[in-house]
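Notes follow once the structure below has been shown.
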Amino acid sequence: MTFKVIETFSGIGAQAKALERIKEKNPSFDYEIVATCEWEIGAAYAYDIIHHGKQNLDKYNQYNKDDLVQILSKYNLSSNGKEPMSPTALRHLDTQHLKAILHSIEKNNNLVDITQVHAEDLPDADMLTYSFPCQDLSISGFWWNNKSGIDPTSGNRSSLLWQIGRILTEYRILNKRLPKFLLMENVTQIESPMHADNFNQWKRLLREIGYTVNETFQLNARNFGVPQNRVRTFMVSVLGGENTTEIRDYLEQCGLEERLEDPNMDAFLRLDYSNSEYLQEALESIPNYTPSRREIHRKASVLAYGNILTGLTAKTITTKQDRHPTAGVIEHELSLEDETLAPYRNLTPRETFLLMGFDEKDFQTLKDINFELLPSRPLIGMGKFLKLTGNSIVVNVLEGIFSEINKIDEIYFKTNNIVPFQRNA
């Protein structure tokens, strides 16, 4: 049977990529992404290209610009992931861009804005994933005296978590079959004392809905074959029933947190500058050597000197490389005419894609199809590439989690023909 998945806060589709990898290794495993939910147009476009290749925009030739603006205005889209776009902002985009946005919505059954999604809109699925915004939970938010976290009354971006609770509650009201599995991902601060009360409230709601197994893991990407020191909290929720104890015991003993590997940075950095594309990307990643950049350089982990690796692991990749703390820098020996440029470079977007577990062809396809909105203004620029990866999830970690979820599905649901516990409204 096909394992059906709903990706909310889907970003560039790390979940879909992980499922694809599992199928490559186990052809008998069949899956389908039946719905996504992503309001940021750059991420939705990237998702479409990475997972489906070049778009067929000819099917929208019957629409003029006014038609496209009218269609897209029905969705609550965002150009930056922070606030919605107005019809006027949409009108400033060219027709090809508008077609690309519409294609990314329709091709991926993208429901766009989580606040406008209802249970009745969602197809039946075996798993729902939710990697809601971390800004109000992260340490950087704390530096700005933002301590609201996932408080359901805050109205901030991280409180979008509770939209998932609303949708799952609607499942119960409609007596609709709930997904057997839920997967949450976010920063580790969600389990900190500051946010513990709200997180426990969230788990209580899940138990009331019927998810009697809610097992959390703090997983580091470097233990899954990726040389990035990125620790995130994941929670696997399973609909309960007579196998609740056995499933909980299985998750506690599956060893997800105990995996140890020694990943080699050589497969993730592109230091061969005889490749003109790698060279150009490296040059574009060299900042001006301002006093603030000198300080970044002084504190940064140096991942390579020229093409010689230091053996260090990258720190967490964030939405910006040119800041402290940075994931790591490469000291270069490139001849530069401009003496104001730094003697180091930041990670290139290609390298951040690789360090998030995506394949190089994923980045290359997106880069090649990344048409220009205006001369020298691509649809996805370098800053957007870095933001997309910084907001994503390491594919290898998801692959490990989904493999365990698949085993639970095989052992406790399919084999025994058990129907997941379902509360009536």
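Descriptive notes on the structure:
- Single residue of region 94-114 satisfying the filter (in a loop (DSSP other than H, G, I, E, B) and surrounded by fewer than 21 Cβ atoms within 10 Å (Cβ to Cβ)) that is modelled with the lowest pLDDT: 94
- Applying the criterion of being surrounded by fewer than 15 Cβ atoms within 10 Å (Cβ to Cβ) and not hydroxyl-bearing (Ser, Thr, Tyr) to the residues of region 244-258, the residue that is farthest from the chain's Cα centre (by Cα) is 246.
- Hey, residue 141 at pLDDT below 90, surrounded by 14 or more Cβ atoms within 10 Å (Cβ to Cβ), outside any loop (DSSP other than H, G, I, E, B) and not polar (S, T, N, Q) or not: yes
- Inspection of region 359-374 identifies no residue that is part of a loop (DSSP other than H, G, I, E, B), out of contact with any helix residue (DSSP H, G or I) (no Cβ under 6 Å at 6 or more places or on another chain), within 20 Å of residue 232 (Cβ to Cβ) and not aromatic (Phe, Trp, Tyr).
- Residue match in region 74-88 (condition: aromatic (Phe, Trp, Tyr) and free of Cβ contacts under 8 Å to residues at least 60 places away in the same chain): yes
- Of the residues 276, 292, the single one that is surrounded by fewer than 15 Cβ atoms within 10 Å (Cβ to Cβ), of a type in the set (Gly, Ala, Ser) and either closer than 30 Å to residue 189 by Cα or in the same structural domain as residue 189 (by TED's automatic domain parsing) (or both) is 292.
- Annotation: of all residues in region 209-243 being assigned to a helix (DSSP H, G or I) and touching a residue at least 60 places away in the same chain (Cβ under 8 Å), the one that is farthest from residue 177 (Cα to Cα) is 222.
Every residue, every condition in (1) modelled with pLDDT of 95 or more; (2) in contact with a Phe, Trp or Tyr (Cβ under 8 Å, 6 or more places away or on another chain); (3) among the small types (Gly, Ala, Ser); (4) surrounded by fewer than 18 Cβ atoms within 10 Å (Cβ to Cβ), yes or no:
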{"site": "118", "(1), (2), (3), (4)": "yes, no, no, yes"}
{"site": "137", "(1), (2), (3), (4)": "no, no, no, no"}
{"site": "146", "(1), (2), (3), (4)": "no, no, no, yes"}
{"site": "173", "(1), (2), (3), (4)": "yes, no, no, yes"}
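The values are calculated or read from the model by the stated rules, or taken from the named source; none is laboratory data. From a predicted model like this one, the values you see are computed outputs, not experimental measurements. Note: ideal-geometry Cβ built from the backbone for every residue, glycine included; neighbour counts use all protein chains shown.
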